[in-house]
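> My questions will all concern the structure given below.
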Amino acid sequence: MQFFDDKFWKKQKRLRRNYDIIDDLYSQMEKIAEEYDATVPDIFNVCIEELIQTENIILYEKAEGEVTAPHTILIWESNVAGLEKLNAKYGVSIRKLVNIAIRNVFEKEAK
């Protein structure tokens, strides 16, 4: 079913998790969700998937006045496992990995 594999994601078990996400990054995901046929959790999951595949872990300097807020997200089970592997391999917290993943994608898109 190669045609459908190229067009759609395979169903995955989703787990409800809470993540502290930088407000500006969450707002950017909301904007993208309005523009595409995707939800914020879909955008979140593809950002996490990209980080897991690339292992492009860039530590960013905290911006002055940067605020994080907890958000409950339905994350793919494979992404939970991938984040745990990155955490074990690099010693970077899951919270930081999540924000790095989102920021990386938005910075890549801005280029």
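> Report the full-extension gain for the segment residue 14 to residue 81: residue separation times 0.36 nm, less the Cα-Cα distance, to one decimal in nm. Present the calculation step by step, with values, prior to reporting the outcome.
Values: separation 67, 0.36 × 67 = 24.12 nm, distance 1.18 nm.
Stretched fully, the residue 14-residue 81 segment lengthens by 22.9 nm.
> Given only helices, namely DSSP H runs of n ≥ 4 each adding -39500 (n - 2.57), what is the per-residue ellipticity at 222 nm of the chain, to the nearest 500 deg cm²/dmol? Could the numbers behind the result be given before it?
Values: 5 runs with 65 residues, N = 111.
Using -39500 (n - 2.57) per qualifying helix, the result is -18500 deg cm²/dmol.
> Still on this structure, please answer the following. Would you indicate which of [x] 22, 17, 14; [y] 62, 30, 13; [z] 30, 17, 11 is the value of semi-axes √(5λ) of the Cα gyration tensor in Å derived from the coordinates of this structure?
[x]
> How far is helix 40-54 tilted, in degrees, relative to the longest principal axis of the Cα atoms in the chain, given as a value from 0 to 90 rounded to the nearest 10?
Approximately 80 degrees, to the nearest 10.
> For the chain: lysine pairs with Cα atoms under 26 Å, gap of 8 or more or different chains, count?
Lysine pair count for the chain: 26.
> With the contact rule set at Cα under 8 Å and sequence spacing of 6 or more, what percent relative contact order holds for the chain?
Values: 108 pairs, mean separation 44.9, N = 111.
Averaging sequence separation for qualifying contacts and normalising by length gives 40 percent for the chain.
> By how many degrees, 0 to 90 and rounded to 10, does the Cα axis of helix 77-90 deviate from the longest principal axis of the chain?
That works out to roughly 40 degrees.
> Okay, moving on. Through the Karplus equation 6.51 cos²θ - 1.76 cosθ + 1.60, θ set to phi - 60°, convert the phi angles of the stretch 55-61 into ³J(HN,Hα) values in whole Hz; use x for Gly and Pro.
With the stated coefficients, the stretch 55-61 comes to 6, 7, 8, 10, 7, 9, 6 Hz.
> Want the number for residue 61 to residue 108: 0.36 nm per residue separation, take away the alpha-carbon distance, what's left?
15.2 nm
Each value in this text was obtained by applying a stated rule to the coordinates, not by laboratory testing. What you are looking at is a predicted structure, and each value in this text was computed from that prediction instead of being measured.
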